[in-house]
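Nothing in this text is a laboratory measurement; each read-out follows from the coordinates by a stated rule. Quick caveat, the model's predicted, so the values are computed rather than measured. Here Cβ is always computed from backbone atoms with ideal geometry, including for glycine, and neighbour counts include all displayed protein chains.
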Amino acid sequence: MKKALKIFGSFILLLILVLVGTGFYFYQTDPMIKAMVNNDESRLYYYPVKEMDSMDDLQYSETVLTVEDSLDIYTYYFPSATIEPKGNIFLLHGAGGNVSKYKSLIIPLVENGYGVYAVDWRGYGKSGGRPNYKGVLKDTEAGFKDFLSRTRADSLKTIVYGLSLGGQLAVKITRDNQTKVDALVLDGSIQSAQQMAIDYAPMDFLKEKTRDHPGNFNQDYVALEDIRAIKDIPKLIIHSKVDRDVSFKQGQNLFEAAKEPKEFWETDTKHIMTLREYPEETIQKIEDLLSANLQSQY
């Protein structure tokens, strides 16, 4: 009996060592697990690329903005390619890459009459620093201020357009500038940083950790809450039913929380590829949004 207990004890000890060793291995080799355990938001949500793709086939101007007195971020303005522009778009890209990586999404907009202003947050492209939750908001606010100064002289409508992670910032900027925004478009937007961590957590204990501790995710701005405060601005919420990066439910939740006027467009593309796969339909829906804004003024 003692021998059996000894063998069983040795087996349990070996099992514990294997589990601990496996957990340590994944902690060291899986950036997502390590970031969740350490609440490292810079690695958990942001995937910047420094190398810029060529944008020589597009007309654009580059501006350097100084944020927090020492940090330089780069912004890009792509003017409308049509004789009679239709509107100005403040574009916030997703968590990966940099502005140049979204060129295929910018082209349909400029070719159809929209000037596009895009921000590379800190750490992205030529911008200095390292991305973090509060920092990218400061960069976005600085970019939006410059965007307004650049477009103030014309009478064109302003559209804030957020992609994926940029969607949460688009909602925040729109909430804080409701008299200056005429329409809001979200494609594959997240509802909150916390929900993304829950969805991506590879283990149940990590899901519970993120669910039970919202304070670990810098709840200064949460799209699901901020969108409730946007009143009369027309909203187009786009989400693909086959999105593998941001769950379809997050798009549905944002739509349900939003006030009228609003529209939900269910697509079947890869993550945030609506402008590339359905350019004509997207442009028409943007124009419908602006028409809805005009009607709401009368």
The computed P(r) of the range 64-140 puts the percent of Cα pairs beyond 14 Å at 59
Of the listed links Lys157/Lys231; Lys126/Lys235; Lys138/Lys231; Lys157/Lys249, those spanning more than 27 angstrom between alpha carbons are Lys126/Lys235; Lys157/Lys249
Per the 1/(1 + (r/R0)^6) rule, R0 = 22 Å and r from the Cβ atoms of Arg244 and Glu281, FRET efficiency to 0.05 is 0.50
In nm², the average projected area of the convex hull spanned by the Cα atoms of the range 55-200 is 8.6
Per its Cα gyration tensor (rounded if a/c is under 1.5, else prolate when a/b beats b/c, else oblate), the range 213-291 is best filed as oblate
Note on the range 53-296: contact order normalised by length, alpha-carbon pairs under 8 Å, 6 or more apart, percent, works out to 16
Of 48-58, 259-269, ordering from highest average Cβ density within 10 Å down gives 259-269, 48-58
Taking every C-alpha to C-alpha distance in the range 136-205 and binning by 5 Å from 0, the per-bin percentages run 4, 15, 24, 22, 14, 9, 6, 4, 2, 1, 0
In whole percents, the bins of 10 Å from zero upward hold the Cα-Cα pairs of the range 53-296 as 8, 33, 39, 17, 3, 0
Of the range 251-279, those with amide N under 18 Å from the point 7 Å along the Cα→Cβ vector of Asp199 are 251-258, 264-275
